[in-house]
Amino acid sequence: MTTGSNHPSFPRGFAWGAATAAYQIEGAVAEDGRTPSIWDTFSHVPGKVANGDTGDTAIDHYHRFREDVRTMAEIGLTAYRFSLSWSRLRPTGRGPANERALDFYRALVDELLDHGITPVATLYHWDLPQELEDEGGWADRDTAYHFADYAALAARALGDRVSTWTTLNEPWCSAFLGYGSGVHAPGRTDPADALRAAHHLNLGHGLAVGALREVLPTDAQLAVSLNLHAVRPRTTHPDDLEAARRIEAVGNRIFTSPLFKGRYDDDLLADTAHLVKWDALVHAGDLAEISRPIDLLGLNYYNPTVVSSAANAGDLPRNDGHGASAHSPWPGAEDVAFHLANDRLTAMGWPIDPTGLSDSLLSLYREFGVPLLVTENGAAFEDTVAPDGTVHDPERTAYLHDHLAAVSDAIAGGADVRGYFLWSLMDNFEWAYGYEKRFGIVHVDYDTLVRTPKTSARWYSDVIRRGGLA
Ligand code: IFM
């Protein structure tokens, strides 16, 4: 990665980035050979997404990517993380590549490189081709193999110009919101399928790492982006400690233990033994695949996760921040209660507490010794456009400032953090919340699709130019 920071708390070469994802920004869902993904199907089911919003047009990045790259360059980004749409690149989920999709992503990457911006490609940000979902989706083992084939195809097409790749974005959400609580596509609600999906996502990651290593130059940097929960027990009561253990098991260690230790932890297996037969689910050789070495771990962080046992929760408000459903996204931990860490909330209702970010970076680096990227961090607020057309968003600027300070604290504490990608470059389709929640540092008028950098974008420009916080 290339950048130019010489601020003492941000190392030279630190990547100053922003992130987006294909379904949230591209639009053009039926153009140039793209076929439906699970999010196309899901967003068109009445009641699944606020206001009936869909990604059909999204913010039309497919047609406006040159303008968007110019905006990134004006901000001064040194890196940009985006995702590839599987159903655009390989319309049926398998078979030959779609050349028109390859043209689009090659043009995007070339535009980035021409502006001195390092591309970071995510292979899977939640948009499984619908054809593969119809055959069982991530609950089916074959999907992991299709994913690895798609990864190889993408790497063959773009590997000469993209050197940093992340396989999956937030597999916890894909598995447990997609197949457990059903608030995300494909909207299934079976805890056993959610656990199966988690294992097959892990397996898909490992197989993809193997496939990418065969295709990409030896200096390629491979990563996965996890939304690890910064879990805190609400009290030291043994039942609350037990609640925290359960959430750490099914929220975090279900990914990090196979990835870095080549095993599923005994306590996770015990917590969920009534739901799946792990011996049948995990085949010989799977854990060796999943634990293939990676070069970077991507952490997506928004807020800490404070938990207690349900019995100890009393009348305190409980909300896991992942949307309302009658079905828990926490198999084996259904009795855990979730509390707000404080009452300083973003528009998502998520508490603002940057210490969860520094704590997570430090503990991940201490435990796994892997270089880290913050692949997402940011906040939604109720932005308003002033009569003169400007968008002043001091709360977002403060959020980003305080979280970057937390990154710098972690670096000062010894963590090897190589970059920061704020979420998100532009306002976009916020999944089940549709266009109601704005995370961008660039405002998008959803009627005209006009982009306007907010004051947070100007602030980020200054940070990048200085190479650190003032
Ligand atoms: O918009 C999402 C993104 O797609 C994945 N991580 C969390 C963001 C905010 O909810």
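Checking the a/c ratio against 1.5 first, then a/b against b/c, what shape does the Cα gyration tensor give for segment 135-177? It would help to have the intermediate numbers written out before the result.
Working: a/c = 4.50, a/b = 1.65, b/c = 2.73.
Note, shape of segment 135-177 comes out oblate.
In plain terms, if you count all Cα to Cα distances in the chain and split them into 20 Å steps from zero, the share in each step is 26, 62, 12, 0 percent.
Each principal axis of the Cα cloud of segment 189-249 was evaluated for its coordinate range; sorted largest first, these ranges are 51, 29, 14 Å.
For the pair Arg213 and Arg94 in one chain, pulling the backbone fully straight at 0.36 nm per residue adds 40.8 nm over the alpha carbon distance. Of the GluC sites (Glu not before Pro) found in segment 348-397, those that fall in a DSSP loop while having at most 13 other beta-carbon atoms within 10 Å are Glu382. Could you tell me the center-to-center distance, by alpha carbons, between segment 139-195 and segment 312-360 in angstrom? Using only Cα atoms to place each centre, the spacing works out to 25 Å.
Name the shape class, rounded, prolate or oblate, that the alpha-carbon gyration tensor gives for segment 17-105, where a ≥ b ≥ c are the square roots of its eigenvalues, rounded holds for a/c under 1.5, and otherwise prolate holds if a/b is larger than b/c and oblate otherwise. It is oblate, given that a/c is not under 1.5 and a/b is not larger than b/c.
Gain on full extension, evaluated as 0.36 nm per residue between Leu449 and Ala280 minus their Cα-Cα distance, stands at 55.9 nm.
For segment 161-306, how big is the tail of P(r) above 19 Å, as a whole percent of Cα pairs?
Values: 5789 of 10585 pairs.
Distances greater than 19 Å cover 55 percent of the Cα pairs.
Please state the shape class of segment 384-470: rounded when a/c is under 1.5, otherwise prolate if a/b exceeds b/c and oblate if not, all from the C-alpha gyration tensor. Because a/c hits 1.5 or more and a/b exceeds b/c, segment 384-470 counts as prolate. The accessible area of Lys437, taken with all protein chains in place and a 1.4 Å probe, comes to roughly 30 Å².
Sorted on the mean count of surrounding Cβ atoms within 10 Å across their residues, most packed first, peptides 228-238, 451-461, 18-28 read 18-28, 451-461, 228-238. A simple charge model with +1 on the Cβ of Lys and Arg, -1 on the Cβ of Asp and Glu and nothing else charged puts the dipole of segment 1-139 at about 480 debye relative to its Cα centre. So if I take the centroid of the Cα atoms in segment 408-470 and the same for segment 247-275, what is the distance between those two points in Å? Computed from Cα coordinates, the inter-centre distance equals 32 Å. Across all Cα atoms of segment 321-461, the radius of gyration (one decimal) and Dmax (whole number) stand at 17.0, 53 Å.
Just from its helices, what would the mean residue ellipticity at 222 nm be for the chain, if runs of 4 or more DSSP H residues each count -39500 (n - 2.57) and the sum is divided by every residue, rounded to the nearest 500 deg cm²/dmol? Show your work: numbers first, answer last.
On the way: 15 runs with 163 residues, N = 470.
Dividing the helical sum by the residues of the chain leaves -10500 deg cm²/dmol.
As a rough guide to protection, the peptides 384-391, 209-216 ranked by mean Cβ packing within 10 Å, highest first, stand as 209-216, 384-391. A straight chain from Glu367 to Ala288 at 0.36 nm per residue would run longer than the Cα-Cα distance by 26.5 nm.
The translational diffusion coefficient of segment 77-152, from Stokes-Einstein at 10 °C and 1.306 mPa s with a Kirkwood hydrodynamic radius over alpha carbon pairs, comes to 119 µm²/s. Taking label points 7 Å from Cα along the Cα-to-Cβ direction, Ala324 and Asp190 give a separation of 2.7 nm. On the basis of the beta-carbon distance and an R0 of 25 Å, Glu131 and Glu31 show a calculated FRET efficiency of 0.90.
The values are calculated or read from the model by the stated rules, or taken from the named source; none is laboratory data. None of these values were measured; they are calculated from a predicted model. Because the Cβ atoms are built from the backbone with ideal geometry, glycine has one as well, and the counts that use them run over all protein chains shown. Note: areas computed on protein heavy atoms with side chains; ligands, DNA, RNA excluded. Shrake-Rupley method; radii C 1.70, N 1.55, O 1.52, S 1.80 Å.
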